[in-house]
Amino acid sequence: MTLTDQPIKLLTIDLDDTLWPCMPTIAQAEQIAYDWLARHLPRITQRYSMDDLRNKRKWLMQNQPALRNDLSEARRAHFRELADELGYNHDWIEDGFKIFHSARQQVTYYDDVLPVLSQLSSHYTLVALTNGNAQIDLVGPDKRPGALFAAQFSAADVQAAKPHPAMFVRAMQFAGATPQQTLHVGDHAIHDIEGAKAAGIRSVWLNRNNEPWQHAELVADYEITNLYGLLELLDK
């Protein structure tokens, strides 16, 4: 099936590592949060390094699987655990989370993002999908991408992370689109490509680093190396 056989109405688009690099963003946000903890709750940073805290949070999520579907709540739960362990009350937790969350939105878009999304938003309904806690209406220095998207759905919204199809289904319900009218774009083979397949929609693997495909049992419908390739694909 080609894209012209069933005209696309809805584009669902992943965020982290699709529209901006994820790890530099998270590393910077965690450093800002750690520095805030050092100033306001020094017993935490005196006992734990930033890597220690990261590992403790991972352990918490392994032991409370529901937290994997809500990374914001996972971070709050981690703060509560630290407060109880080190004899602090809980009245700082929301402030601490906001410090991290605000810094987490300070992304650096890939160069193709704003030019391409500006064109796409004139012709398609754009819906952001993420397993994380980036908010498309808050990201970046100017928050411009938020105006180009009709909606965003996260794992926390549907209590299921990609590759579970729930997020894709919610997006289609929102846009009034069928699977045949929907195309998903993302960088992750499992979260994005397998997730799209589970929802019965076609997928575009955004392979920015020209990496070899590692999943013989799974095939993306299309592959591009930047978002300009998506414009070419849809134009065809």
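Structure notes:
- Cα-only Debye scattering, the chain: base-10 log of I(q)/I(0) at q = 0.07, 0.09, 0.11 Å⁻¹: -0.25, -0.41, -0.60
- Highest GNM mean-square fluctuation among Gly146, Gly186, Gly195, for the chain modelled with Cα contacts below 10 Å: Gly146.
- Filtered chymotrypsin sites (Phe, Trp or Tyr not before Pro), the range 92-187: DSSP coil and at most 16 other beta carbons within 10 Å: Trp92
- Convex hull of Cα atoms in the range 23-104, direction-averaged projection (nm²): 4.9
- From the C-alpha gyration tensor of the range 138-226, square roots of 5λ in Å: 22, 18, 12
- Max mean-square fluctuation residue, GNM over the chain, Cα-Cα springs under 10 Å, options Leu60, Leu86, Leu41: Leu86
- GNM result for the chain, Cα springs below 10 Å: residue of Ala189, Ala77, Ala134 fluctuating most strongly: Ala77
- Loop sites in the range 117-211: trypsin sites (Lys or Arg not before Pro), DSSP, at most 13 other Cβ within 10 Å: Lys143
- Three semi-axes of the equivalent ellipsoid, the range 79-158, Cα gyration tensor, whole Å, largest first: 33, 14, 9
- Taking each DSSP H run with n ≥ 4 as -39500 (n - 2.57) and averaging over every residue of the chain yields -13000 deg cm²/dmol at 222 nm.
Only the coordinates and a few stated rules stand behind these numbers; no lab work does. Please read all numbers here as calculations on a predicted model, not as lab measurements. Don't worry about glycine lacking a Cβ; one is built from the backbone with ideal geometry, like all the others, and counts go over all protein chains shown.
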